[in-house]
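Data block below; observations after.
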Amino acid sequence: SKLHEKHQNCEVRQDDKEAHKEMQTKQKCVPAWQVFRTKVSPMFGIEFPDINSQKVFSSMWEVHKEQFGSKCPETCICLENIPILCSTVVKDAKKKNALLDGSYPE
């Protein structure tokens, strides 16, 4: 019957939606900042052992967005430019710490 066909089509459409949703979940895009963090996190403790890793990352990500854009694909040249990425880390950390303890940054 036409009603049965219509119901079957709805089921198929529903299955398609569920399959599409499942595929999207499996292929969920990772945020650009997370990709960047994965790339640079090994250097946090080595280069900046006395600075909170979140502060290091935040400073480096801000520079990345200014210099290389707000995406960090596998082909991004950011890792070839570590000195640029790290250029504001110490200054930013001093500024943030100074604001917390009431002193002024140098």
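A quick yes/no check of all residues on (1) under 12 Å from the mean Cα position of the chain (by Cα); (2) within 18 Å of CYS78 (Cα to Cα); (3) at pLDDT 85 or above:
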site: GLU18; (1), (2), (3): no, no, no
site: LYS21; (1), (2), (3): no, no, no
site: LYS39; (1), (2), (3): yes, yes, yes
site: VAL56; (1), (2), (3): no, yes, yes
site: MET60; (1), (2), (3): yes, yes, yes
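Would a scan of the stretch 42-52 turn up a residue that is within 24 Å of LYS94 (Cα to Cα), charged (D, E, K, R) and open to solvent by less than 60 Å² (accessible area, probe 1.4 Å)? Full working, then the answer.
Here is the first cut: in the stretch 42-52, the residues within 24 Å of LYS94 (Cα to Cα) are 42-52.
Okay, now just the ones that are also charged (D, E, K, R), so 47, 50.
Imposing the further condition that a residue be open to solvent by less than 60 Å² (accessible area, probe 1.4 Å) reduces the set to none.
No, the stretch 42-52 contains no residue that is within 24 Å of LYS94 (Cα to Cα), charged (D, E, K, R) and open to solvent by less than 60 Å² (accessible area, probe 1.4 Å).
May I ask you to say which residue of ILE84, ILE77 is within 17 Å of VAL35 (Cα to Cα) and surrounded by fewer than 19 Cβ atoms within 10 Å (Cβ to Cβ)? Working first, answer last.
Details: ILE84 fails: within 17 Å of VAL35 (Cα to Cα).
Just a single option satisfies the conditions, and that option is ILE77.
The values are calculated or read from the model by the stated rules, or taken from the named source; none is laboratory data. Source: prediction; values computed, not measured. As a convention, Cβ positions derive from the backbone with ideal geometry for all residues, glycine included, and neighbour counts pool all protein chains shown. Side chains are part of the model used for accessible areas, which takes the heavy atoms of the whole protein and leaves out ligands, DNA and RNA. Shrake-Rupley method; radii C 1.70, N 1.55, O 1.52, S 1.80 Å.
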